[in-house]
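The values are calculated or read from the model by the stated rules, or taken from the named source; none is laboratory data. These figures come from a predicted structure and were not determined experimentally. Quick reminder, even Gly has a Cβ in these numbers, built from the backbone with ideal geometry, and neighbours come from all protein chains shown.
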Amino acid sequence: MKIFDTAAVNGTALDPQRVQRRTVWVLSSAQLLSGVGSGASLSVGSLLAVQLSGSNAWAGSVTTIMTLGAAAAALPLAGLAGRRGRRASLVTGLLAAMAGALLVIASTVTGSFPVLLLAAALLGLGTAANLQARFAAVDLAAPEQRGRSLAIVVWAVTIGAVAGPNLIRPGALVGEALGLPALAGPFVFSTAGLALAALLLLIGLRPDPLLLAARLRSGGQPAAAGGTANTATGAAGGTTGTRRRHGLRHGMSAIRASPRAGLALLAIIAAHGCMAAVMSMTPLHLQLLTEGPLSDMPAGHAHAASTDVLVLIGFTISLHIAGMYALSPVMGWLTDKTGRLPVILLGHGLILLSVLVAGFGQAAPVLVTIGLVLLGLGWSAATIAGSTLLAESVAGDERVLVQGVSDTMMGVAGAVGAGFSGLVMSGVGYQGLNLAAAAVAAVVFAVALRATGRNRAVRPPA
């Protein structure tokens, strides 16, 4: 039997659309499991950094290192996807993140701040894999369904990511039962979720959607269900360009060649940078607002003195993450029905509103929470519409490379936002930080509005 024989095990040809539906289901399930890890990291990362470093100045370090790790891993993971398919790339990223979750636990046991930073870098690889998963959802999608397919996978992280911050108290109980520090407990759940997600992708993502799409573009037949679509022959159809032209410089050249791709990239990285800057400092702001600096507490008593505020932080970050992911299918539907540019405008308009609410309402935890929810909704709209526009604005043989560049730049923007947010907040306060984010969102909104004036809606190609 030939490797790409169209006869499946049951004698029927493999249907790419059936593979697409199964791919979306597998990716969504894996996102749900791996989301627990990101939720736990976002909710207690800044608190762990202050506790282990002994200084509020390091509060944003965990988020910064995570986003730098994601940025550094994006292109290598994209290259691995081009050579070996989405399955190899996604599983590699999740296994690295699982090792990072274990190192977080080790850092709390040893009290080592450098180990925590190393753990954050590895957790960033999981972030890069989760970002790449949204592009895997459109490898086989029909043009009129790209926004919805991408949004479903983004949405699937909701349950796990929202649950993550609320695992602080259950995690503390698990940690105590295992003889671990209380703040290490949530990462026990993270480790299990990441391991299960990697196993699900390893088993379930067959045939590989990227390699099957490459084979179809090259004029070949779909691989049989019982055959292997993960061969050099299958990969060659769509990844030759990726192997011939690789790296950030070539990816940026491909983006510059398409004004639509440039606008999409701007919308994505600005939304992520604003979100990372405000979100990473919100836990510390809420703690300072209610209890004063953690560094002023006696060593070893930070968690015991902060149980109530940890619950508040967990609840706020959970609602923020729900805003990021829960309405993703709606954002995807709007992207397909109204066009990409209107939803990008909606996203950055919501971000602008959100930071004004959180900034001017900084003294009221309720208004801060409302601002964080709106921030999540804005991020969702801008990221889904921008990612969909980016995926269809470049040639097929450049697509994986450009997606990797997008994730790299997205990670850099998040790292810059989180890294400088502590300095900005220490200089001009939480309100000043939000106003700085408002300025960025306003600029992108103006650029997108101008583009909308030239082209009322960017719709999928016929």
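Which one of the conditions (1) more than 29 Å from Gly404 (Cβ to Cβ); (2) at pLDDT 90 or above does Gln51 fail to meet, given that it meets all the rest?
Unmet for Gln51, out of (1) more than 29 Å from Gly404 (Cβ to Cβ); (2) at pLDDT 90 or above: (2).
Of all residues in the stretch 328-339, how many are modelled with pLDDT under 90 and touching a Ser or Thr at 6+ places or on another chain (Cβ under 6 Å)?
Residues meeting the conditions: 1.
Which condition does Leu118 not pass, out of (1) surrounded by fewer than 23 Cβ atoms within 10 Å (Cβ to Cβ); (2) touching a residue at least 40 places away in the same chain (Cβ under 8 Å); (3) closer than 28 Å to Gly419 by Cα, if it passes all the others?
(2)
Tell me which residues, restricted to the stretch 192-206, are at pLDDT 90 or above and either surrounded by 19 or more Cβ atoms within 10 Å (Cβ to Cβ) or of a type in the set (A, V, I, L, M) (or both).
Initially, the stretch 192-206 is screened for residues at pLDDT 90 or above, giving 194-205.
Result: Leu194, Ala195, Leu196, Ala197, Ala198, Leu199, Leu200, Leu201, Leu202, Ile203, Leu205.
Here is a list: Pro186, Pro181. Which entry is at pLDDT 75 or above, crowded, with 24+ Cβ neighbours inside 10 Å and over 26 Å from Gly332 (Cα atoms)? Steps first, please.
Values: Pro181 fails: crowded, with 24+ Cβ neighbours inside 10 Å.
It is Pro186.
Exactly one of (1) of a type in the set (A, V, I, L, M); (2) touching a Phe, Trp or Tyr at 6+ places or on another chain (Cβ under 7 Å); (3) more than 23 Å from Gln145 (Cα to Cα) is unmet by Leu375. Its number?
(2)
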